[in-house]
């Protein structure tokens, strides 16, 4: 009796093609479960607290109820939801106009136009934890850098078209 017969079966019972298919499936399973490789995340560094600074233009009169220090807000980075971050501080920014004086100096005065009272600018500092990589901080799977487009979303607001103004990596201590 031959080891492989005329129909390609070992010892007349098992097809060589079936054995090859079973070996390929076993190798694939071993590759998936024993050697899984990287997790797929671009963030492979240590975690540290970061502060992200954003300027928000609010078309509302009562901004004190919208963004409060210590509250949490949802953040969306490059159209990818990240989760919640803490609002560290909210500082109103004044709208000023610059008036040239006859002696060549410039004087800054509050904007007298009535439409200037319809909106306010707020400097908002957000605090969260980010993975620190060789390319900078990463929130979720998104690099966070100056100029990165983000959105802030809460119960009463959804601020879009915002850009990161500053990113500060803080010490863990």
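The values are calculated or read from the model by the stated rules, or taken from the named source; none is laboratory data. Note that the structure is predicted; figures quoted are calculated from it, not measured. FYI the Cβ positions are ideal-geometry reconstructions off the backbone, even for glycines, and counts take in every protein chain you see.
Summary table below
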| item | result |
| --- | --- |
| Residue list for region 124-136, filter: in contact (Cβ under 8 Å) with a residue 24 or more places away in the chain and loosely packed, with under 13 Cβ neighbours inside 10 Å | 134 |
| Residue satisfying all of: in region 137-153; surrounded by fewer than 16 Cβ atoms within 10 Å (Cβ to Cβ) and in a strand (DSSP E or B); farthest from the chain's Cα centre (by Cα) among these | 153 |
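Here is a yes/no grid of residues against (1) part of a strand (DSSP E or B); (2) surrounded by 13 or more Cβ atoms within 10 Å (Cβ to Cβ); (3) modelled with pLDDT under 90:
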{"site": "6", "(1), (2), (3)": "no, no, yes"}
{"site": "23", "(1), (2), (3)": "no, no, no"}
{"site": "30", "(1), (2), (3)": "no, no, yes"}
{"site": "41", "(1), (2), (3)": "no, no, yes"}
{"site": "51", "(1), (2), (3)": "yes, yes, no"}
{"site": "85", "(1), (2), (3)": "yes, yes, no"}
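Yes or no, residue by residue, for (1) assigned to a strand (DSSP E or B); (2) farther than 15 Å from residue 50 by Cα; (3) touching a residue at least 24 places away in the same chain (Cβ under 8 Å); (4) touching a strand residue (DSSP E or B) at 6+ places or on another chain (Cβ under 8 Å):
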{"residue": "73", "(1), (2), (3), (4)": "yes, yes, yes, yes"}
{"residue": "76", "(1), (2), (3), (4)": "yes, yes, yes, yes"}
{"residue": "82", "(1), (2), (3), (4)": "yes, no, yes, yes"}
{"residue": "88", "(1), (2), (3), (4)": "yes, no, yes, yes"}
{"residue": "109", "(1), (2), (3), (4)": "yes, yes, no, yes"}
{"residue": "122", "(1), (2), (3), (4)": "yes, yes, yes, yes"}
{"residue": "155", "(1), (2), (3), (4)": "no, yes, no, no"}
{"residue": "160", "(1), (2), (3), (4)": "yes, yes, no, yes"}
